[in-house]
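Right, one structure below, let's go through it.
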Amino acid sequence: MYQGHVIPAVDTALLLATHGALASVVATPYNAARIRPTIDIARQSGLPIRLVELPLDCAAVGLPDGADDVDKIPAELHANYFSALELLAAPLERHLRAHPPYPTCIVSDFCHAWTVGVAANLHVPRLSFFSMCAFCLLCQHNLERFNTYDSVTDDNEPVVVPGVERRIEVTRAQAPGFFRSPGFDHLADGVERAHAQADGVVMNSFLEMEPEYVAVYVAARKMKVWTIGPVSLYHRNAATLAARGNTTTAVAADECVRWLDGKEARSVVYVSFGSIVHADPKQLVELGLGLEASGHPFVWVLKNPGYYGDEVNEFLGGLEERVAWRGMLIRGWAPQVLILNHAAVGGFVTHCGWNSTLEAIAAGLPLVTWPHFSDQFWNEKLAVEVLGIGVSIGVKEPVVWQAVEKEIVVGREVVEEAVRSIMDGGGEGEERRRKALALSEKARAAVQEGGSSLSNLLDLIKRFEVDAGVRTTE
Ligand code: UDP
């Protein structure tokens, strides 16, 4: 559904297939169209991977026809969208029964609580997939386990996360819990129940980055956890990277690479807020002016250009003229991982979606952290307080998904200073970069032969091989 879930799930399927498991990726038509080029490339190279397209019954839940592009669903209909997903249980079960070989395991995003029933009917295990880090999952779990928010009357009052060695403070507004928002509570309870019943967790993280948090999470959940990330490192060539996540990028991958080729090593800052966040128009202007004032070359990804009014578009046009030699604006989808791994890129201003954060870690980049909602405040804390690779933009309150509840505009001077602090070097800057590069080496080692993530992946495959005796009766 959301690209931040679909993309790492597809990467995971590709990794499973690369190491010999037949993987069937299940997606609704809109998402299937986005990932088909990636699956086709993999199939052509001989990987045992299939794409299973299951249509959503939108009419049954009061959604407009063909509403499986979550970006086009108004916020008030998102709960209906999740109801439509639940209706996929019967078609999925039918599909899996009718298309041999019989599955040995279902790996489904943690949001899809309804897959528990499918796995039970098929008598196969179900693993919960998280493109999140153990730090985030453990902290959130502990807050709930110890009822930490019970004593809090103000959502912006900080609490200390219990059960973790380091002192981590958070507010309920920043980390209310997954789906803990009005209209979604039933979903939140279902997701938690499904997680408690899971036969294990597949996590897009790697052990060497957060060993203590993985260990404590495993103990707290009493559950097998396979850390197999960073899954984006599956992609080793420009063609698969350019196809990742979309059928068409707003800018051709080779054009992007040519532009970056003309820039000095580590001189360019990449700016993107992921696939969901819609920036407030005033914020866009401040961000643009801050980037301009920083003096650094930049690649700035602007999602949904049609969404902004004439005034913003005029501003963006003017900015482009002024920074023509050093600023590239991508209006739409960017080949993000390709860009992050170009030698010219030296830093990332990110909303701290977990995929973006981990992709930056894999690329060895320091971050300006600018969380908006969901797990993003946790990811900021991991990057800034635990790993020491990020500088916070200073936002303390969430900007709620697709709707600005309260105007929080970060000024241009703050943007300029934050960009300078990750790009200009100096003692602290050098230290952050050194840490980021060291982490990148660890991330890459984790997915190589003998590395923790690859070993976990192979263990996962072995455990659920057809002849491993996992499947019980039909
Ligand atoms: N992404 C991309 N191009 C874009 C925007 C996003 O390739 O223009 C990818 C990005 O590399 C990441 C995912 O989309 O893999 C976004 O996931 P993330 O968890 O960072 O944020 P979300 O979109 O879920 O908020």
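Values quoted throughout were computed directly from the atomic coordinates according to the rules given, and no laboratory measurement underlies them. The shown structure was predicted, so the numbers you read here are calculated from the model rather than taken from an experiment. Cβ coordinates were reconstructed from backbone atoms using ideal geometry, including for glycine residues, and neighbour counts include every protein chain displayed.
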Study note, to complete from the structure: Using alpha carbon positions and the Kirkwood radius, the Rg to Rh ratio of segment 250-443 is 0.93
Point to revise | Length gained when the stretch Glu311-Val218 is fully extended (0.36 nm per residue, less Cα-Cα span) | key: 28.4 nm
Point to revise | Estimated distance in nm for a label pair at Val164 and Ala90, the labels positioned 7 Å out from Cα along Cα-to-Cβ | key: 4.3
**Study point:** Counted charge near Val225, where neighbours are those whose Cβ lies closer than 14 Å (Asp, Glu -1; Lys, Arg +1)
**Key:** 0
Point to revise | Residues of segment 346-384 with amide N under 20 Å of the 7 Å Cα→Cβ point at Asp261 | key: 346
Point to revise | Ranked Phe178, Phe315, criterion: other C-beta atoms within 10 Å, fewest first | key: Phe315, Phe178
Point to revise | Rounded Å value of the spacing that divides the Cα centres of segment 30-98 and segment 208-287 | key: 23
**Study point:** Simple Cβ-charge dipole of segment 178-292, Lys/Arg +1 and Asp/Glu -1, about Cα centre, in debye nearest 20
**Key:** 320
**Study point:** Binned Cα-Cα distance frequencies in the chain - 10 Å width, integer %
**Key:** 4, 20, 31, 28, 14, 3, 0
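Nearest 5 is fine: what % of DSSP beta bridges in the chain come out antiparallel, could you say? Kindly include the intermediate steps, with their values, before the conclusion.
Numbers: 2 of 36 bridges.
Here the antiparallel bridges make up roughly 5 percent for the chain.
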Revision key, fill the gap. For segment 321-428, the Kirkwood Rh over every pair of distinct alpha carbons, in Å, works out to 14.9
**Study point:** segment 250-443 - share of DSSP beta bridges that are antiparallel (%, nearest 5)
**Key:** 0
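Net charge within 13 Å of Glu413 by Cβ-Cβ distance, Lys/Arg positive one each and Asp/Glu negative one each, not counting Glu413 itself?
For residues surrounding Glu413, the net value is -2.
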**Study point:** Cut-off 12 Å (backbone N to label point 7 Å along Cα→Cβ of Val152), residues of segment 375-393
**Key:** 378
Point to revise | Span from the segment 1-28 Cα centroid across to the segment 411-469 one, whole angstrom | key: 20
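Please state the charge dipole magnitude for the chain, taken about the Cα centre, from unit charges on C-beta atoms (+1 on K and R, -1 on D and E), reported in debye and rounded to the nearest 20.
Dipole about the Cα centre, nearest 20: 1380 debye.
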Practice item. Per DSSP H run of n ≥ 4, the term is -39500 (n - 2.57); total these for the chain, divide by its residue number, and report the mean residue ellipticity at 222 nm rounded to 500 deg cm²/dmol. Key: -13000 deg cm²/dmol
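In which sequence would Thr350, Thr12, Thr148 go, from the one with the fewest C-beta neighbours within 10 Å to the one with the most?
Details: Thr350 30, Thr12 23, Thr148 18.
In order of increasing Cβ crowding within 10 Å: Thr148, Thr12, Thr350.
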Practice item. Fewest Cβ neighbours within 10 Å first, please rank Ser45, Ser294 accordingly. Key: Ser45, Ser294
Review point. So, counting K/R as plus one and D/E as minus one, what does the shell of residues with Cβ under 14 Å around Ile39 add up to?
Key: +2
**Study point:** Cα point-scatterer Debye curve for segment 137-201, base-10 log of I(q)/I(0) at q = 0.16, 0.21, 0.24 Å⁻¹
**Key:** -0.57, -0.93, -1.11
Review point. Of Leu260, Leu207, Gly274, which is farthest along the charge dipole of segment 204-282 in the positive direction, counting Lys and Arg as +1 and Asp and Glu as -1 at C-beta?
Key: Leu207
**Study point:** Chain lengthening between His19 and Phe184 when straightened (0.36 nm per residue, less Cα-Cα)
**Key:** 55.6 nm
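Quick check on my link table: of Lys263/Lys396; Lys72/Lys442; Lys222/Lys381; Lys224/Lys396, which ones sit more than 27 Å apart, alpha carbon to alpha carbon?
Lys263/Lys396; Lys72/Lys442; Lys224/Lys396
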Check your understanding: If you place +1 on the Cβ of every Lys and Arg and -1 on the Cβ of every Asp and Glu, how big does the dipole about the Cα centre of segment 250-443 come out, in debye to the nearest 20?
Key -> 480
Review point. For segment 121-278, what's the relative contact order in percent, using C-alpha pairs closer than 8 Å and at least 6 residues apart?
Key: 23
Point to revise | Cα gyration tensor shape of segment 84-228, rounded if a/c is under 1.5, else prolate or oblate by comparing a/b with b/c | key: oblate
Practice item. Percent of Cα-Cα pairs per 10 Å bin, from 0 to the last occupied bin, for segment 18-155, please list those. Key: 10, 31, 33, 20, 6, 1
